[in-house]
Amino acid sequence: TLMITAENVEKWYDNDFHVLRGVSLQVTLGEVVVIMGPSGSGKSTFIRTFNALEPYQKGNIIIDGIKLSHDLKNIETIRREVGMVFQQFNLFPHLSVLNNVTLAPIWVRHWKKEKAEAIAMQLLEKVGILEQAHKYPAQLSGGQQQRVAIARALAMQPKIMLFDEPTSALDPEMIKEVLDTMKSLAESGMTMVCVTHEVGFAREVADRVVFMDGGKIIEIAHPDQFFNNP
Ligand code: ADP
Ligand code: ADP
């Protein structure tokens with residue numbers, strides 16, 4: 001089953017800077033794809049097109065059989081299917097950890113508070129944050145905040161998870177706990193696309209590694225093959 005199809009996606013800015021130069025990629029159900037490449041090569045821009053966070057001028061994106069359009073209903077549907085975790089956790093600072101996780105399920109999915117909280121507590125347990133449920137984001141370490149952000153995205157029960165440099169803003173000692181959480185999510189069968197510089201994670205968890213440079217995909221390979229290239 002194809003979960004993501006990107007066909008010849010092109011994007012450029014008014015100043016003629018061409019950030020995506022015809023990028024195509026297919027991701028199947030349960031697959032974990034890691035995207036690597038130098039800063040400014042278009043990695044973040046590319047994955048942000050998958051959930052309509054980034055407009056583009058040419059090409060097509062099809063998510064789980066639904067073609068992305070400019071229709072608001074369509075974008076709403078796609079965003080429910082595609083969860084995203086950012087470099088800067090983007091938690092709501094004035095809400096408790098628990099309320100960060102239940103906010104979208106209650107307001108977007110219209111779940112009853114009790115149901116949303118029960119599911120949120122399960123997710124917080126899974127990412128190892130249960131004891132922090134009633135604290136505020138500022139009271140947590142960066143690694144804990146990022147795991148809350150993962151739980152928050154999962155609370156919407158997405159079919160696909162996107163990670164945009166999820167460990168780049170973290171102190172070294174907190175990177176592992178976030179990568180371990182991502183790894184167990186991958187092992188649970190989640191379809192994932194991760195922009196990251198973490199070679200260990202890519203080697204161990206990725207089904208395929210994509211290398212981007214200058215707004216293009218230069219190489220797609222199995223990690224064993226990718227990292228053995230001279
Ligand atoms: P990566 O994730 O690989 O670091 P990005 O997708 O963030 O790359 O790349 C964005 C590129 O697009 C950068 O080179 C950035 O300078 C450029 N860019 C972003 N916004 C604009 C803009 N409004 N006008 C021109 N260039 C932009
Ligand atoms: P990040 O690194 O967080 O992805 P960027 O550096 O790509 O962010 O972009 C941050 C903001 O600055 C965005 O709103 C982007 O559109 C704008 N921007 C980035 N590069 C340029 C550029 N070369 N010209 C104009 N705006 C830019």
| If the cut-off is 18 Å between C-alpha atoms, which aspartates and glutamates fall inside it for residue 73, apart from same-chain ones fewer than 8 positions away? | 54, 64, 81
| remark: When 44, 188 are ranked with the fewest other C-beta atoms within 10 Å first, the list becomes 188, 44
| task | Taking 7 Å along the Cα-to-C-beta vector as the label spot, tell me the residue 17-residue 138 distance in nanometres, rounded to one decimal. | result | 3.3
| query | Peptides 142-152, 203-213: what's the order by average Cβ count within 10 Å, highest mean first? | reply | 142-152, 203-213
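Taking 30 Å as R0, compute the FRET efficiency from the Cβ-Cβ separation of residue 131 and residue 169 and round it to 0.05.
Computed FRET efficiency for residue 131 and residue 169: 0.85.
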| Sequence-distant or interchain residues sharing an amide H contact under 5 Å with residue 163, placed H: which? | 85, 193, 194, 195
| query | Which of these, 52, 118, 155, has the largest mean-square fluctuation under a Gaussian network model of the chain (Cα springs below 10 Å)? | reply | 118
| note | Amide H neighbours of residue 32 at under 5 Å, excluding residues fewer than 5 places away on the same chain, with H built from the backbone geometry, are 192, 207, 208
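For the chain, give the share of DSSP beta bridges that are antiparallel, in percent and rounded to the nearest 5; count only bridges with both residues there.
Values: 20 of 37 bridges.
About 55 percent, rounded to the nearest 5.
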| note | At R0 = 35 Å the Cβ-Cβ FRET efficiency linking residue 10 and residue 95, nearest 0.05, sits at 0.35
| field | 222 nm mean residue ellipticity, helices alone, for the chain (DSSP H n ≥ 4; -39,500 (n - 2.57); rounded to 500) | value | -11000 deg cm²/dmol
| message | List the pairs from 183/216; 115/216; 135/159 whose alpha-carbon separation is above 32 Å, in the order I gave them. | response | 115/216
| field | Taking the chain and dividing mean pair separation by its residue count, relative contact order in percent (alpha carbons under 8 Å, at least six apart) | value | 28
| query | So how do 45, 28 line up by other beta-carbon neighbours within 10 Å, fewest first? | reply | 28, 45
| GNM top mover of 179, 72, 98 - the chain, alpha-carbon springs below 10 Å | 72
| What FRET efficiency would be calculated for the residue pair residue 1, residue 220, taking the C-beta separation as r and a Förster radius of 25 Å, to the nearest 0.05? | 0.85
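All of the numbers you see were taken from the coordinates with simple rules; none came from a lab. Remember, it's a predicted structure, so these values are computed and weren't measured experimentally. Glycine gets a Cβ as well: all are built from the backbone with ideal geometry, and neighbour counts include every protein chain shown.
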